[in-house]
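Chemist: Just dropping this structure here.
The values are calculated or read from the model by the stated rules, or taken from the named source; none is laboratory data. On a predicted model such as this, the values are computed, not experimentally measured, just so you know. All Cβ positions, glycine included, derive from the backbone under ideal geometry; neighbour counts span all protein chains shown.
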């Protein structure tokens, strides 16, 4: 199974930290956010990784190289300017192949076990779902949530949970998007939800959207104190 790490965002709310450092390279407990994901993917047996980038993207390539230092094989999908989530995935399709793949936002921090991803992909092969989303409890900055979840089916009903930024997708979902075009993910997901083709799960463990310097600081303190760095 392949995984894509989304790393093309500018990180405006993280300025001035992101003026000279791409957001995925900001550190938590002495380790870049994106490296936490890479190591967790490798630990789960997922070693083929695609990373898209735009803002200061060459610094990401310089830091991670071909991934061999982590036991991974990394390929890059550069974007002249960020294409948003669905656009970025569509642009990277030639690298992702024809099988189900996972996509993970590089600017989150979580203890979700990525070993579940191949298991969920296998379930999708029999269910016919195009999408599987990992949802989390609503954080303080996003109290209204994104999607409902009823019996492992993602819905538009209430109460709603928050999309974690971790999902599994059929590549056919993104093939209609022209390469290089800007395309958000939410409309595409809502269309699939309306068709009843989106499964999901609720992860109740640690999850942080590292969207501001304060959240980064608080997370760094938490993980450093835990001795996991």
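Chemist: All but one of (1) at pLDDT below 95; (2) farther than 25 Å from residue 212 by Cβ; (3) in contact with a helix residue (DSSP H, G or I) (Cβ under 6 Å, 6 or more places away or on another chain) hold for residue 80, so report the exception by its number.
Modeler: With respect to (1) at pLDDT below 95; (2) farther than 25 Å from residue 212 by Cβ; (3) in contact with a helix residue (DSSP H, G or I) (Cβ under 6 Å, 6 or more places away or on another chain), residue 80 is out only on (3).
Chemist: Cβ contacts < 7 Å: first residue on the phi > 0 side of the Ramachandran plot and buried (at least 19 other Cβ atoms within 10 Å of the Cβ), restricted to the stretch 186-209; second residue assigned to a strand (DSSP E or B) and modelled with pLDDT of 95 or more, any location; separation 6+ or different chain. Result?
Modeler: From the stretch 186-209, no pairs qualify.
Chemist: Return the total of residues in the stretch 125-141 being under 24 Å from residue 207 (Cα atoms) and either in contact with a strand residue (DSSP E or B) (Cβ under 6 Å, 6 or more places away or on another chain) or not in a loop (DSSP other than H, G, I, E, B) (or both). Lay out the reasoning, then the answer.
Modeler: So in the stretch 125-141, the residues under 24 Å from residue 207 (Cα atoms) come out as 131-141.
If we keep only those that are either in contact with a strand residue (DSSP E or B) (Cβ under 6 Å, 6 or more places away or on another chain) or not in a loop (DSSP other than H, G, I, E, B) (or both) too, we end up with 131-136, 138.
Adding up the residues that qualify gives 7.
Chemist: Show the residue pairs meeting these rules: Cβ distance below 6 Å; 6+ apart or different chains; first residue within the stretch 110-136 and free of Cβ contacts under 8 Å to residues at least 12 places away in the same chain and at negative phi; second residue in a loop (DSSP other than H, G, I, E, B) and buried (at least 19 other Cβ atoms within 10 Å of the Cβ).
Modeler: none
Chemist: Taking the stretch 18-32 as the region of interest, how many residues are out of contact with any strand residue (DSSP E or B) (no Cβ under 9 Å at 6 or more places or on another chain) and in contact (Cβ under 8 Å) with a residue 40 or more places away in the chain?
Modeler: Count: 4.
Chemist: Of everything in the stretch 154-176, what is in contact (Cβ under 8 Å) with a residue 24 or more places away in the chain, in a loop (DSSP other than H, G, I, E, B) and surrounded by fewer than 19 Cβ atoms within 10 Å (Cβ to Cβ)? Give them in sequence order.
Modeler: Of everything in the stretch 154-176, those that are in contact (Cβ under 8 Å) with a residue 24 or more places away in the chain, in a loop (DSSP other than H, G, I, E, B) and surrounded by fewer than 19 Cβ atoms within 10 Å (Cβ to Cβ) turn out to be 156, 175.
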